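Take a look at the structure below.
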Amino acid sequence: MGLNRRDFFKFVTAAGAAIAGSNDSAHAWQSRAPSDPIGCLVDLTRCIGCRKCEEACNRVNALPPPDRGFEDLTLLDKKRRPDERTYTVVNRHVSGEIDARDQLVPTFVKLQCMHCQDPACASACIVGALTKKENGTVHYDVTKCIGCRYCMVACPFEIPAYEYHDPITPRVMKCTFCYERVQSENKLPGCAEICPVEAITFGRRNDLIEIARQRIKKNPGRYIDHIYGEKEVGGTSWMYLTGVPFEKVGFNALPETPMPRLAESIQHSLFSYLWSPIVLFGMLGGIMWASKDKGDRADNGKEGGGQ
Amino acid sequence: MTHHAAPIEAKFWTPGVVVLAVLMAAGAAAIAARFIGGIGYVSNLTTARPWGLWIGVDVASGVALAAGGFTTAFLAHIIGRHYYEAVVRPALLTAVLGYTFVVLGLLVDIGRSWAIWKPLLYWNPTSVLFEVAMCVMLYLNVLYLEFLPIVVERFKGRVNLPGPLAVLNGPVDGLLKLADTILPRIMWIFIIAGVVLSCMHQSSLGSLMLIAPTKLHPLWYTPMLPLLFLVSAIAVGYPMVVFEATLATTSLKLDGEMKILTPLTRITIFLLGLYLALKVGDMVVRGTYVYLLDFTAQTNAFIIEVLFGVIVPWLMLLSPQLRRSRQALFIACTMIVGGVLINRINVFVVGYRPPISEANYFPAIGEVLVTVGLIAALMFVYRFIVTYLPVLNKPEQEVSV
């Protein structure tokens, strides 16, 4: 090294500041969401809890047969979550609203992967097995998956399930948005196709938001003025309309910031072009070189100091 | 430099080692059950609670408590405080074994253990876990290279393989001699790389949870999490050396090395104090102290973590008298080690509460057996290596300044 100690630190400080400065301005976090994705609008005021969507989902995705048949509506008495054998479930919520004959009015809520615009699972996935497809689907590629389950940690909707009882080749299981059907066969997702009351509207996400706004506008008494999924976690492909407050039917309040934003910004500002490890390596090398007053480098480096 | 590491001349199968072997057998049975019946067969992990004891203890705490390796390497080799040379080898061995067992723990935890190499092929640069995995993998190799001179020192010129393998004596000895020539010249690269890689993944382990703001309790969820993880890992490095050196020297009846350990923990006063200041400062700035008197399991866990894992041992270290007492120093350092352990468990397990399903988690007996078995195996291998390789200092060796 031809530099003397002071010059070296000057160089490191300047280089570090220059790189850090350029990072702040040039690489602000940007959404990678597709501009015109598909989506589904679920109108909870229409859903009658028939579980036909669950049945269709099971069939088109060739999922294992359920323990109890899809016509068994007593299952609605219990709150269920999607699991490794079920991509979608319908739950019955009672918000306290009563009808003209003093009967409690149930609200049925279909749950499945929301297919976020900036999915936390895809950002987190160690191998990129989960990706946001250009058509809007959050897609899982089992051939890359190592089973770390970080996607499940990351998902704000607690959706991805895991085949915990498969010892060697378990898979992450979640709604596929019927990727093949929609993309190659030009069909609707199984659930949207079968719904007898048109509670699920399939279409372009931007159009769906427009439709939802129209419904709220035409019928302000029927709807809460909020499209769940329009802004939550930066937007989701699946969105909901409701007549009773969302928090009373199992939806939790979520920030509008996309989930990956903070972690990605920190990682990016620290590690783009590996600038910080390189600077740190240089600094430590400088310190090591400057501290080596006694003995030669070989002796310094050798474990145990050689004698 | 008058310290001299040597194999210890002690009986290997002591009652303690037998106990370790029994725990290892129990852990092996649980691991066998995991690979026959699946993760769900031995664990309480669910959709909403995908990470549990194995990630919290075997992986996150394992990495943090192996920090003695890079912190002592920094002290003795980078800033050249050769006075502390005597603790470098035991700390290095702890790191080598710690990281090796982190990987073994991961092999049990990830669903497709056979696919653990796939991040090498499929890169996802947005993933914090990807960066952690790359750093851990590289650092593990760096650690093995740093440890290699100890093996070379023991076997160079004395290679004596059993039976028919004896024909390889010459070539193996040649390799060791070659390593002995090359390694000292390039070791500085690996020592610096080890510190850099450690700083990267120790902090990024904290970034892992930043993607789950709705799940991690606000007492722990802060954008400073990576900094807190880094500083706590650096701060726990020397206390871990004291903890491990005291245990080893006591059970093997070696010199207590207080002449080194006492000044070593003087540095810890500053590092742990910095950690405490950051932690309390973060709490004050974000106003999360309002949760402190909630008396829930989570907030109690936070209070225990900070009070008994940071504040009390920090106050103990402030007293030079206590730092000179072998017993008091051991207690203080054990508390610091325990504090970091509790912190990692809190961040990955206790503080993690999925708001929709509100699923609870408590480790199953199978998970506990795997974790205990792996820790027992680590101690067993440590005991085996110090018996046959020059890691610990010879007793009655006078340590001079």
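The values are calculated or read from the model by the stated rules, or taken from the named source; none is laboratory data. Remember, it's a predicted structure, so these values are computed and weren't measured experimentally. Heads up, the Cβs are rebuilt from the backbone with ideal geometry, glycines too, and the neighbour counts pull from every protein chain shown. Areas reflect the complete protein model, heavy atoms only, side chains present, ligands, DNA and RNA absent. Shrake-Rupley method; radii C 1.70, N 1.55, O 1.52, S 1.80 Å.
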Residues along region B:177-219 losing 30 Å² or more of accessible surface when the other protein chains are present rather than the chain by itself (probe 1.4 Å): B:P184, B:W188, B:I192, B:V196, B:M200, B:L210, B:I211, B:T214, B:K215
Shielding of A:263-271 by partner chains, average beta-carbon count, 10 Å: 6
Probe 1.4 Å, protein heavy atoms only - accessible area per residue of chain A in square angstrom: 47
Global form of chain A, assessed from the alpha-carbon gyration tensor, a/c cut-off 1.5: prolate
Sites matching GluC sites (Glu not before Pro) across region B:297-369 that sit in DSSP coil, with at most 14 neighbouring C-beta atoms within 10 Å: B:E358
Net charge of Cβ neighbours under 12 Å - reference A:K78; Lys, Arg +1; Asp, Glu -1: +3
Hypothetical label at B:L120: residues of region A:125-149 whose amide nitrogen lies under 20 Å (7 Å Cα-Cβ projection): A:126-129, A:143-148
Angle in degrees between helix B:326-345 and the longest Cα principal axis of chain B, rounded to the nearest 10: 50
12 Å tail of the calculated P(r), region A:26-65, as % of Cα pairs: 75
Of all accessible heavy-atom area on region B:166-238, the percent that carbon and sulfur account for (1.4 Å): 80
Descending semi-axes in whole angstrom, ellipsoid equivalent of region B:29-170, from the Cα gyration tensor: 33, 23, 15
Å² of accessible area per residue within chain B, as computed with a 1.4 Å probe and no ligands counted: 40
With all protein chains modelled, accessible area of B:R158 [1.4 Å, Å²]: 130
For peptides A:65-78, B:125-138, sequence by mean Cβ density within 10 Å, most packed first: B:125-138, A:65-78
Scattering profile of region B:230-345 at q = 0.10, 0.12, 0.21 Å⁻¹ [log10 I(q)/I(0), Debye over alpha-carbon scatterers]: -0.31, -0.44, -1.09
Average partner coverage of A:164-177, which counts Cβ from other chains inside 10 Å: 4
Most positive-pole-ward Cα, B:M335, B:P119, B:M209, against dipole of the protein assembly as shown from beta carbon charges: B:M335
Separation between Cα centres of region A:118-162 and region B:109-132, rounded to whole Å: 12
Summed buried accessible area for B+A [probe radius 1.4 Å, Å², rounded to 100]: 6100
Cα gyration tensor of the protein assembly as shown - equivalent ellipsoid semi-axes, whole Å, descending: 52, 27, 25
Shielding by other protein chains, B:104-115, mean Cβ within 10 Å: 5
Peptide ranges A:173-182, A:146-155, A:92-101 listed from the most packed, as the mean C-beta count within 10 angstrom indicates: A:146-155, A:173-182, A:92-101
Cα convex hull of region B:127-236, projected area averaged across orientations, nm²: 9.9
Between helix B:297-306 and chain B: long-axis angle, C-alpha atoms, 0 to 90°, nearest 10: 40
Ranked packing of B:171-178, B:21-28, A:39-46, most packed first, by mean Cβ within 10 Å: A:39-46, B:21-28, B:171-178
Region B:184-295 - percent relative contact order, Cα under 8 Å, separation 6 or more: 26
Pairs of Lys in region A:69-156 closer than 27 Å at Cα, counting only those 8 or more apart or on different chains: 6
